[in-house]
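Heads up, the thing below is written out as structure tokens.
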Ligand code: PGA
Ligand code: ZN
């Protein structure tokens with residue numbers, strides 16, 4: 001494929017914040033892509049945009065990359081490596097603070113779409129058969145609610161691993177979200193479309209388990225509950241600070257294991273602050289394979305950090321967010337490392353999302369078992385709809 005033109009501009013994400021959209025014109029046609037932004041970021045993530053703002057990233061594409069990539073040829077996924085080398089030559093920083101990792105993400109998504117003529121999942125793997133199961137955000141707080149009283153943990157999630165197909169799993173999450181909303185008296189919503197009540201963790205887990213059980217019985221498969229504690233944002237350097245208590249590192253570990261056992265949690269993301277590999281390993285060892293102990297801020301989709309996490313046996317599951325690392329080549333490396341080391345992968349949206357559906361294609365093409373994309377809101381639902389479209393093509 002020959003690149004004939006690239007162009008970038010600013011769009012608004014689901015939070016109303018500016019982000020970047022890129023168009024690639026090639027002999028395969030015109031293809032578009034955009035990149036999301038997080039609010040609850042890990043400190044080891046690359047910068048989505050430079051401190052001067054999104055316009056600097058847009059200008060870099062339109063003034064420099066456009067000329068640099070004119071007439072450039074790429075044919076396969078691994079050729080993206082050459083594109084990354086060119087961008088790195090201009091950025092020259094470890095964390096993309098000069099140009100912004102979102103330039104790479106939006107550009108690589110558009111290039112991949114152009115290479116695949118839109119069918120990215122089958123371009124990555126023509127024999128792909130497996131569709132991921134949706135991990136849906138039902139109730140939340142933390143960094144995804146601005147102001148006012150909120151829940152201690154950032155996300156309370158739903159997951160049905162043994163649903164017979166993706167459509168019924170999507171339906172189950174939506175049905176529970178709706179029933180729970182009614183029970184809570186329709187409070188305001190988080191950035192990701194989850195309900196944002198001001199209730200205790202225990203009360204929320206009781207309600208969620210109760211409603212999930214009812215819908216499970218009706219639909220005849222198990223729908224389980226999980227949480228993203230985003231614990232770095234609770235940690236003050238010494239203690240985990242809750243609305244009504246303060247816990248030491250040791251007490252936090254005991255509290256997490258207790259919650260997993262009491263509420264049969266199948267999924268716990270970032271239960272400890274982002275540097276505590278040893279503490280993660282203690283929890284992972286204690287729960288065995290009963291619960292996915294998932295690193296998000298802990299690893300930030302970084303292959304180097306992942307290798308440490310593997311060595312320390314810190315996790316049995318990993319969140320994959322392409323714009324945490326700003327490189328699709330490294331995203332692939334991370335997924336392969338996880339597969340080799342029996343670590344489950346979960347590809348994830350960000351709290352500030354766009355209408356881009358690339359993560360749905362990456363989930364299928366890279367055989368990722370779980371996708372975290374929220375239950376409600378057009379930027380989340382479009383990714384679930386895309387998965388159902390892909391399923392039709394597979395069948
Ligand atoms: P984000 O994080 O707000 O940075 O997208 C969500 C999460 O912690 O999973
Ligand atoms: Zn998280």
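If you take the residues in segment 30-43 that are away from ligand 2 (no atom under 16 Å from the Cβ) and surrounded by fewer than 22 Cβ atoms within 10 Å (Cβ to Cβ), which one is farthest from residue 362 (Cα to Cα)?
30
Looking only at residues that are out of contact with any helix residue (DSSP H, G or I) (no Cβ under 7 Å at 6 or more places or on another chain) and within 20 Å of residue 43 (Cβ to Cβ) in segment 282-306, which one is farthest from ligand 2 (Cβ to nearest atom)?
Among residues in segment 282-306 that are out of contact with any helix residue (DSSP H, G or I) (no Cβ under 7 Å at 6 or more places or on another chain) and within 20 Å of residue 43 (Cβ to Cβ), the one farthest from ligand 2 (Cβ to nearest atom) is 304.
Kindly check whether there is at least one residue in segment 72-86 that is surrounded by 23 or more Cβ atoms within 10 Å (Cβ to Cβ) and either part of a helix (DSSP H, G or I) or touching a helix residue (DSSP H, G or I) at 6+ places or on another chain (Cβ under 8 Å) (or both).
So far as segment 72-86 goes, no, none of its residues is surrounded by 23 or more Cβ atoms within 10 Å (Cβ to Cβ) and either part of a helix (DSSP H, G or I) or touching a helix residue (DSSP H, G or I) at 6+ places or on another chain (Cβ under 8 Å) (or both).
Provide a single number: the residues in segment 44-69 that are within 16 Å of ligand 2 (Cβ to nearest atom) and either part of a helix (DSSP H, G or I) or crowded, with 20+ Cβ neighbours inside 10 Å (or both).
Total satisfying the criteria: 2.
Out of all the residues in segment 208-218, is one or more farther than 20 Å from residue 290 by Cβ and within 16 Å of ligand 1 (Cβ to nearest atom)?
Looking through segment 208-218, none of the residues is farther than 20 Å from residue 290 by Cβ and within 16 Å of ligand 1 (Cβ to nearest atom).
Would you check if residue 313 is away from ligand 1 (no atom under 16 Å from the Cβ), over 22 Å from residue 225 (Cα atoms) and modelled with pLDDT of 95 or more?
Working: away from ligand 1 (no atom under 16 Å from the Cβ): yes; over 22 Å from residue 225 (Cα atoms): yes; modelled with pLDDT of 95 or more: yes.
When the stated conditions are applied, residue 313 passes them.
Of all residues in segment 27-43, count the ones that are in contact with a helix residue (DSSP H, G or I) (Cβ under 8 Å, 6 or more places away or on another chain), part of a loop (DSSP other than H, G, I, E, B) and farther than 24 Å from residue 190 by Cβ.
Adding up the residues that qualify gives 1.
Within segment 321-328, is there a residue that is within 16 Å of ligand 1 (Cβ to nearest atom), at pLDDT 95 or above, in contact with a strand residue (DSSP E or B) (Cβ under 6 Å, 6 or more places away or on another chain) and more than 18 Å from residue 118 (Cα to Cα)?
Yes; the residues of segment 321-328 include at least one that is within 16 Å of ligand 1 (Cβ to nearest atom), at pLDDT 95 or above, in contact with a strand residue (DSSP E or B) (Cβ under 6 Å, 6 or more places away or on another chain) and more than 18 Å from residue 118 (Cα to Cα).
The values are calculated or read from the model by the stated rules, or taken from the named source; none is laboratory data. A quick note: this is a predicted structure, and the numbers were derived from the prediction, not measured. Methodologically, a virtual Cβ is constructed for each residue, glycine included, from the backbone with ideal geometry; neighbour enumeration extends over all protein chains shown.
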